[in-house]
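Trainee: Right, I'll just put the structure down here and ask away after.
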Amino acid sequence: MKTLFPSNQPISGEEDDTLLVERTNAAGISIDVRSAQARILPHLMTAQLQSTASFLFSFQDLQSAYSRDLQGPSDTHDDILQAQSLLLATHATTLYDVLRIDDIYTHPLIRRGDLLSGHRIRSFAAAPLRAPGKQLIGVICTVDTIERWWSARDIRIIRRIVAQFEARHLSHS
């Protein structure tokens with residue numbers, strides 16, 4: 001399976017990034033990341049893929065990704081994984097399929113400075129969540145802290161979870 005490369009822009013927020021600035025929310029459709037369904041989704045994905053962690057980011061989370069501090073002095077390991085995942089997830093917004101990074105240390109989206117500053121993620125996979133008109137409403141992602149080669153089965157699981165979430169979420173909108 002081929003790894004997808006959505007852009008050549010760096011992940012780090014040090015440079016001005018306009019990846020999401022021109023995107024608009026899907027006619028008022030949004031993800032309530034505190035809802036029961038949204039809280040269960042990352043756990044389901046982690047369990048099925050046996051990954052380190054999974055996260056669901058709303059459109060609003062993705063818009064504010066570069067205005068957040070990546071790592072604070074009192075952040076836990078999980079907080080840092082989530083912050084780093086959010087920055088990586090912004091690259092999945094330009095796709096209509098799964099972004100797959102098997103080894104973060106060799107992927108062109110990751111700058112050497114990011115790795116030296118303590119990147120905790122080693123493997124990453126994400127897929128955009130879209131409304132019927134293909135407008136972005138969020139991103140679901142999963143990470144591993146060890147090198148992992150995402151299999152065709154893993155990608156099918158991610159696609160199935162995205163399709164089920166979009167069908168359920170949009171039928172209740």
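The values are calculated or read from the model by the stated rules, or taken from the named source; none is laboratory data. All figures in this text were calculated on a predicted structure; none of them were measured in a lab. Please note: Cβ atoms are built from the backbone with ideal geometry, for glycine as well, and neighbour counts cover all protein chains shown. To get the accessible areas, we keep the full protein, side chains included, count just its heavy atoms, and leave off ligands, DNA and RNA. Shrake-Rupley method; radii C 1.70, N 1.55, O 1.52, S 1.80 Å.
Trainee: Identify all residues within segment 132-153 that are assigned to a strand (DSSP E or B) and of a type in the set (A, V, I, L, M); write none if there are none.
Mentor: Scanning segment 132-153 gives LEU136, ILE137, VAL139, ILE140, VAL143.
Trainee: Does at least one position in segment 151-165 carry a residue that is of a type in the set (D, E, K, R), modelled with pLDDT under 90 and exposed (fewer than 15 other Cβ atoms within 10 Å of the Cβ)?
Mentor: no
Trainee: Could you check segment 73-86 and list, in sequence order, the residues that are modelled with pLDDT of 80 or more and open to solvent by less than 20 Å² (accessible area, probe 1.4 Å)?
Mentor: The answer is LEU81, GLN84, SER85, LEU86.
Trainee: Being within 8 Å of the chain's Cα centre (by Cα), open to solvent by less than 10 Å² (accessible area, probe 1.4 Å) and hydrophobic (A, V, I, L, M, F, W, C) is the filter here; which residues of segment 87-110 pass it?
Mentor: Result: LEU88, ALA89, ALA92.
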